[in-house]
There are 2 protein chains.
Amino acid sequence: MDNPEASGRDSAEPDGLIDALVQVSFTTTAVLSKVAADNDLSLTQLRVLAILRDRRLRMAGLADYLGLEKSTMSGLVDRAEKRGLLQRAASLDDGRAVDVFLSPDGAELIERLYAGILRSLSPMTTALTPAEQRRLQTLLERMLGTSAV
Amino acid sequence: MDNPEASGRDSAEPDGLIDALVQVSFTTTAVLSKVAADNDLSLTQLRVLAILRDRRLRMAGLADYLGLEKSTMSGLVDRAEKRGLLQRAASLDDGRAVDVFLSPDGAELIERLYAGILRSLSPMTTALTPAEQRRLQTLLERMLGTSAV
DNA sequence: TATTGTTATACTCTATAACTATA
DNA sequence: TATAGTTATAGAGTATAACAATA
């Protein structure tokens with residue numbers, strides 16, 4: 001976990017993979033948070049922009065995506081809208097629903113952020129050889145594919 | 001990122017690895033947050049307990065570990081201490097410093113949490129064969145080893 | 001009746017700034 | 001002077017509960 005040495009693993013222990021997975025996740029999240037913070041965004045705000053990068057979603061859709069309550073989404077969207085990063089519009093299909101989508105400023109910002117993310121994370125991935133990178137990608141995608149979680 | 005399809009990758013794109021890495025990190029973090037929430041803890045509180053699992057650290061040490069401000073640590077430790085999960089004690093070496101360590105209840109809790117984490121994350125890892133699991137662990141540890149990030 | 005979204009409320013997380021005590 | 005930690009303050013993130021509007 002946060003303390004891999006605590007389990008005394010040296011790559012031979014059964015839970016070593018999960019420890020490594022958690023460790024890598026924290027490192028990755030820290031990098032993403034840094035990129036977001038450098039642009040006065042929280043990690044959640046960054047994720048909202050990323051999700052809307054090429055879609056228009058309803059409030060409920062966004063909340064589902066992030067695993068948050070609708071009321072939490074209202075606040076997040078309020079603040080991002082106030083900053084001119086995204087917009088709301090009544091849904092045409094359903095009078096109760098509200099569509100959310102990026103404003104031009106928001107679209108421009110997420111492109112910059114995305115480039116920043118690739119730049120910030122590449123030191124991690126380029127620690128591996130190209131062949132290793134391909135293998136790692138395959139394994140990660142196989143784990144995701146089994147969306148057992 | 002949060003929207004891998006947005007980059008139109010199909011495992012052939014250069015940034016596919018980073019997309020997968022981010023995706024896996026979010027999934028992993030969501031599982032950890034769920035385990036924490038099921039025990040009325042935030043992810044950060046869980047991390048504090050995990051870090052202290054087998055060490056006694058000063059406030060500053062904890063803050064460094066988590067990348068948080070000292071004042072933030074004060075609040076986190078206050079609340080956890082109030083719940084009887086950890087304790088503070090004046091450092092013997094340095095009159096200004098404060099050591100933090102788990103209480104018996106906190107120690108018991110983190111063991112249960114750790115077991116819960118392994119159980120909750122195993123559906124992801126067991127999607128891979130044992131040989132793949134070993135390879136993945138090796139690759140992840142190699143990425144971490146190059147603590148370039 | 002059920003669903004979509006907002007508002008009110010409360011609490012946690014977080015940072016910045018100002019402060020105390022020790023080094 | 002510099003460092004360790006706390007406190008005060010403010011804002012963001014989060015959930016629960018109550019509500020209005022629409023389905």
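Readers should treat all values here as calculations from the given coordinates under stated rules, not as data from a laboratory. What you see is a predicted model, and the numbers here were worked out from it, not measured in a lab. All Cβ positions, glycine included, derive from the backbone under ideal geometry; neighbour counts span all protein chains shown.
Considering the rotation that superimposes chain B on chain A, the residue of B whose beta-carbon lies nearest the axis, and that distance in Å, is B:S25, 2. The angle separating the long axis of helix A:104-125 from the principal Cα axis of greatest extent in chain A is about 0 degrees. Each copy carries B:R142; placing its label point 7 Å along the C-beta direction from Cα gives inter-copy distances of 1.6 nm, listed from smallest up.
Result for chain B in a Gaussian network model with C-alpha springs under 10 Å: among B:Q23, B:Q133, B:Q87, the largest mean-square fluctuation is at B:Q133.
Within 10 Å of each Cβ in peptide A:128-138, how many partner chain Cβ atoms are there on average? Round it to a whole number, please.
Working: counts 6, 1, 0, 0, 6, 6, 4, 6, 10, 12, 7.
Mean shielding count: 5.
Sorted from nearest, the other copies put their A:G67 label points 1.9 nm away, the label point being 7 Å from Cα in the direction of Cβ. Between B:A50, A:S71, A:V31, the Cα set farthest toward the positive side of the dipole of the protein assembly as shown (charges on each charged residue's Cβ, about the Cα centre) is that of A:S71.
Per-residue Cβ neighbour counts within 10 Å put A:R56, A:R96, A:R47, A:R135 in the sequence A:R96, A:R56, A:R135, A:R47, beginning with the fewest. Label point of A:F101 (7 Å along Cα→beta-carbon): distances to the other copies' equivalent points are 6.0 nm, sorted ascending.
Considering only B:G116, B:G106, B:G84, the mean-square fluctuation computed in a Gaussian network model of chain B, springs between alpha carbons under 10 angstrom, is largest for B:G84. With the simple spin-label model, which puts each label point 7 Å out from Cα in the Cβ direction, the A:R88 to A:D54 separation comes to 2.8 nm. With axes computed from alpha carbons, what is the tilt in degrees of helix A:70-82 against the longest principal axis of chain A, rounded to the nearest 10 within 0 to 90? For A:70-82 against chain A, the angle is about 70 degrees.
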